[in-house]
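Read the figures in this text as sums done on the coordinates, not as results from a lab. Predicted model only: the values in this text are computed from it and were never measured. As a convention, Cβ positions derive from the backbone with ideal geometry for all residues, glycine included, and neighbour counts pool all protein chains shown.
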Amino acid sequence: MPFFRIFKFRPLLHNEKLKYILLISILLSSSFIDSDTSTELVMPSQSESAKLFILDASGSMNEYLGIYQKVHLAKKYVRHFVDKLPEETEVGFIAYGNRLPGCQSSRLYQPLEKGNRPGFQNKLFGLTPSGATPLAESIRIAGDYIIRRKSPTDLILVTDGIESCYGNPEKELQVLQQKGVNFKMHILGLGLKPEEKRIMQSLAKTGNGKYYNVGEDSDFFLAVEDLLKQEPQPKRTEIEPEKRKPKIRISDIERKQTDSEENFYRVKFVFENSDSDNQCVILNLKRRSSVSFKTQNWNPQRTTEPERVLRTEQICFKTKKGEGEFQISAPAHLPLNLELELWDTKGIPSSVDKSGEKNLTE
């Protein structure tokens with residue numbers, strides 16, 4: 001068995017308290033507490049844009065795309081998109097054709113608001129297709145609205161046709177850009193013919209957005225999911241632990257080889273605990289191991305991996321802060337580490353801090 005000699009301590013030992021601390025240390029050696037330190041803070045995105053939909057409610061939206069009416073697909077997936085957005089995102093919509101014939105049917109039905117999802121959905125599902133397709137007028141109304149808000153906005157056009165009222169949607173987008181309006185326009189084209197698709201692709205490009213061709217239900221779903229992927233995700237930042245002054249610290253370790261079998265060590269330390277003027281320092285002499293036996297819930301103020309502790313020694317003080325020294329000898333051939341604990345012994349003894357593990361024999 002390894003042999004250890006403990007030499008004199010600089011401070012006086014309090015024998016009764018020493019016995020008490022040793023007993024408590026043994027009883028608590030298998031105690032566990034929860035200490036989850038993986039706290040995360042979710043930071044709001046700084047580049048999130050409002051979403052203003054331009055919805056086609058012209059008469060042709062009553063037609064079918066596959067087994068569904070186009071207007072029902074539009075309502076279904078616009079709702080899906082909005083439901084997936086954060087509550088803080090402002091959403092609203094313009095629609096054209098809704099119950100109104102002719103080329104002046106564009107209206108702002110739902111202003112951009114945060115959190116008013118029930119109101120948005122009630123107005124969305126109340127749309128009834130009728131009339132023509134005044135795209136240019138709708139873009140102009142959207143531009144006049146968002147230019148006053150002076151915040152980034154995504155325009156999302158859902159339509160089954162191109163301009164039918166002799167307007168020029170591309171020119172309206174260029175006018176907004178010249179005015180410095182911060183926007184993008186994405187387009188979801190429902191069942192468009194090849195030439196109509198080409199026109200809408202060009203319009204989306206002018207609006208610095210993306211074009212999605214929707215030929216069936218699954219295309220609509222994939223288009224909406226792709227748009228959602230482009231949304232800036234909340235940044236998760238780990239909260240750094242508060243930097244603090246350690247209450248117990250090893251200030252120096254002096255080693256002297258006395259013979260080929262034994263080394264002599266002077267382990268100096270300093271401590272400070274303003275909460276108590278009765279405390280003890282415990283030295284844990286530990287077997288070094290290349291294998292880590294980390295225990296997740298081990299008390300963070302107690303020595304790590306207590307199964308490696310070979311011996312403990314203590315010095316007690318009647319002061320809030322001070323310094324001391326352990327003088328020990330140990331076999332030279334053993335790979336050893338040491339760690340100090342500071343215990344508050346005013347009342348029920350409790351551990352308050354530890355020094356961290358140090359290599360003793362290297």
Quiz item: What residues qualify as long-range amide H neighbours of ASN182, i.e. H under 5 Å apart, gap of 5 or more or another chain, H built at 1.01 Å from N?
Solution: none
Self-check item: Under 5 Å, built H, 5+ apart or other chain: amide partners of GLU90
Solution: LYS51
Quiz item: Using r as the Cβ-Cβ distance of LEU310 and LYS114, and R0 as 56 Å, what FRET efficiency do you calculate, to the nearest 0.05?
Solution: 0.35
Self-check item: 24 Å Cα-Cα reach of LYS179 towards lysines, excluding residues that sit fewer than 8 places from it in its own chain
Solution: LYS51, LYS150, LYS171, LYS205, LYS210
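By per-residue mean of other Cβ atoms within 10 Å, what is the highest-first order of 115-122, 200-207?
200-207, 115-122
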Quiz prompt | Spin-label model distance (nm) - GLU216 vs ARG198, 7 Å beyond Cα toward Cβ | solution = 2.6 nm
Quiz prompt | In order through segment 145-150: 3J(HN,Hα) via Karplus (6.51 cos²θ - 1.76 cosθ + 1.60), integer Hz, x for Gly, Pro | solution = 6, 6, 5, 6, 7, 6
Practice problem: Name the long-range amide H neighbours of ILE54: under 5 Å, sequence gap of 5 or more, or other chain; modelled H, no Pro or chain starts. | Solution: ILE94, ILE156, LEU157, VAL158
Quiz item: Among 273-284, 102-113, how do they line up from the highest to the lowest mean number of other beta-carbon atoms within 10 Å?
Solution: 273-284, 102-113
